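First up is the structure itself, then whatever we jot down about it.
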Amino acid sequence: ATPVLGLTADIMEPEPTFAPAVEAVLGESLQYVLVQDDDTAADMMGYLQKENAGRSGFIPVSSVRALTDSHQASAEHQGPRTLLDHVSVKPGFEGVAGALLSHVRIAENMADARRLHKANRTVQTLVTQTGDMLLPQGVMVGGSPENLDGILAKKTEIRELKTQLAELDQQV
């Protein structure tokens, strides 16, 4: 079995209108390396350190866990929708997606996020579809979405171009 299972970005496909929110919330963790277990992650980190070969994030698929059981709590309390509800996950990696996104709720806008943050005392991140965020600690992140086109947006663009290419091939 190969020690590397892929990258975080390879296991998630958000609905197109939610891609900016997923990009904003996950940021560089979209490039984290998925590995089978924490021993493998520790070995790989040790290798990078020994060889002075840079840094990377590693997600041990067998032991990663969500911050809270907030996905279930949301359904019971009819709270805001989770971002995870708008992401397709590659089979076998649901636990990874849950660990990264189950605590993230969707807000209509930043005013809504602020209202929800003040009313709710659970550990959750609030995000708008455009990628503005309110973190559990009260930190706000946002602004112009122009520079938010990251790996997920590029993957969506590639899929769309492949579809267009197939259509053009059929026409020819």
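The values are calculated or read from the model by the stated rules, or taken from the named source; none is laboratory data. The structure displayed is predicted, hence computed values, not measured ones. Cβ placement follows ideal geometry from the backbone for every residue including glycine, while neighbour counts extend to all protein chains displayed. Only protein heavy atoms, including side chains, enter the accessible area calculation; ligands, DNA and RNA are left aside. Shrake-Rupley method; radii C 1.70, N 1.55, O 1.52, S 1.80 Å.
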Given the rule -39500 (n - 2.57) for each run of at least 4 DSSP H residues, summed and divided by the residues of the chain, what is its mean residue ellipticity at 222 nm, to the nearest 500 deg cm²/dmol? -12500 deg cm²/dmol
Would you mind getting me the FRET efficiency between Asn109 and Val172? Use the beta-carbon distance for r and R0 = 45 Å, nearest 0.05. 0.50
Among (1) 9, 29, 24, 17, 12, 6, 2, 1, 0; (2) 9, 33, 32, 20, 6, 1; (3) 10, 38, 36, 13, 2, 0, the entry derived from the coordinates for P(r) over Cα pairs in 10 Å bins from 0, in percent: (2)
Using +1 on the beta carbon of Lys and Arg, -1 on that of Asp and Glu, and nothing else charged, what's the dipole of the chain about the Cα centre, debye to 20? 540 debye
If a paramagnetic tag sat 7 Å from the Cα of Lys90 along the Cα-Cβ line, which residues of the range 27-49 would have the backbone N under 14 Å from that point? 30-36
Return the aspartates and glutamates within reach of Lys155: Cα separation strictly under 19 angstrom, same-chain partners fewer than 8 residues apart disregarded; answer none if there are no such residues. Asp10, Glu13, Glu15, Glu23, Glu28, Glu146, Glu167
Accessible surface of Thr40 in the full protein assembly, 1.4 angstrom probe, to the nearest 10 Å²? 30 Å²
Stokes-Einstein D for the range 96-172, Kirkwood Rh over Cα pairs, 20 °C, 1.002 mPa s (µm²/s): 145 µm²/s
Among Lys50, Lys154, what's the order by accessible area (1.4 angstrom probe), most exposed first? Lys50, Lys154
From phi via Karplus (6.51, -1.76, 1.60), per-residue ³J(HN,Hα) for the range 101-107 in Hz, x at Gly/Pro: 10, 5, 8, 9, 10, 9, 10
Rounded to the nearest Å, the spacing of the alpha-carbon centers of the range 1-73 and the range 118-172 is 18 Å
Under 27 Å from the Cα of Lys162 - lysines, other chains or at least 8 residues apart: Lys90, Lys154
On the accessible surface of the chain, probed at 1.4 Å, how many percent belong to carbon and sulfur atoms? 52 percent
Using a Gaussian network model of the chain with C-alpha springs under 10 Å, which one of Leu26, Leu161, Leu152 is most mobile by mean-square fluctuation? Leu161
Please build a GNM for the chain, connecting alpha carbons under 10 Å apart, and tell me which residue among Asn120, Asn109, Asn52 fluctuates the most. Asn52
So if R0 is 35 Å, what FRET efficiency would Val123 and Gln49 give, r being the distance between their Cβ atoms, rounded to the nearest 0.05? 0.70
Given the options Gln129, Gln49, Gln31, which has the most mean-square fluctuation in a GNM of the chain, springs set between C-alpha atoms less than 10 angstrom apart? Gln49
In what sequence, largest accessible area first, do Arg65, Arg114, Arg105, Arg55 appear using a 1.4 Å probe? Arg55, Arg65, Arg114, Arg105
